[in-house]
Amino acid sequence: MIQYLQNNGPVIQAALSQHVYLALVPVLLGIVVSLPIGYLAVRFNFLYHPLLNLSGILYAVPSLALIVLVPSVLGIRILDPLNIIVALTVYTVALLVRVVADGLKSVDPLVAEAASAMGYRRLRRLVSVELPIALPVMLAGLRVATVANVSLVSVGALIGVGGLGTLFTRGQQLNYAPPIIVGIVLSVVLAAILDGIIVLIQRRTTPWVRAAGRIAS
């Protein structure tokens, strides 16, 4: 194992860097896309169930099937990293739309009415009141989406683009365990680190949640 690490350091580092890129870019894009969609689902009741049902259907599509389908839709090569980014962005949006909608629905209507009575217009009320209250629910969903993306990136190795997943396929092809073990360990560590970062962000941005928990206890 040590010899494998010493001999393949640049390869492992490149695979890890690609994995981080392919996992995080879809998360960022998913946040940008899912926020307005989730808001529309709550703002207009007739859109709530159709949008959430559609997001559920998209999330149920097998990841490999979506990765194979995207190039034919966008006209790109199947080995293009953009293929993985688009596919994982679809999954991220499908997961986060429900989370955003549920988070905004959890806001007490009396709080929203009070903000309106204080002169807050719709956009300011959304940004200053509703989103901060919904943030704990949304960040909990973001944790799930981020960890899921770290896992799903490896599926791309089946078509030749997959970050740490390439270590899995290489180890399987050579019937050699070290690259598989390294890939698994780094994937788990990466997921844990990203999850921990989101937890820290949640604690910094929602201090009232911890305060409420201490009062309740």
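The values are calculated or read from the model by the stated rules, or taken from the named source; none is laboratory data. Source: prediction; values computed, not measured. Note that we place each Cβ from the backbone using ideal geometry, even for glycine, and neighbour counts take in every protein chain shown. Note: accessible area is taken over every heavy atom of the protein model, side chains too, but ligands, DNA and RNA are not part of it. Shrake-Rupley method; radii C 1.70, N 1.55, O 1.52, S 1.80 Å.
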Sequence gap at least 6, Cα distance under 8 Å: using those rules, report the relative contact order of region 1-127 to the nearest whole percent. 32 percent
Length-normalised contact order for the chain - Cα pairs under 8 Å, 6+ apart - percent: 25 percent
Express the carbon and sulfur contribution to the solvent-accessible surface of region 74-127 as a percent, rounded to the nearest whole number, probe 1.4 angstrom. 62 percent
What dipole magnitude, in Debye to the nearest 20, does the chain give about its Cα centre under +1 on Lys/Arg Cβ and -1 on Asp/Glu Cβ? 480 debye
Residue-by-residue Karplus 3J(HN,Hα) for region 185-201, coefficients 6.51, -1.76, 1.60, Hz, glycine and proline x: 4, 5, 5, 5, 5, 4, 4, 5, 5, 5, 4, x, 5, 5, 4, 5, 4
So how do D195, D102 rank on accessible area, 1.4 Å probe, biggest first, that is with the largest at the start? D102, D195
So with the 1.4 Å probe, I'd like the accessible area per residue for region 2-216, rounded to whole Å². 55 Å²
Work out the charge dipole of the chain with +1 on the Cβ of Lys and Arg and -1 on the Cβ of Asp and Glu about the Cα centre, then indicate which of L131, I31, S187 is farthest towards its positive end. L131
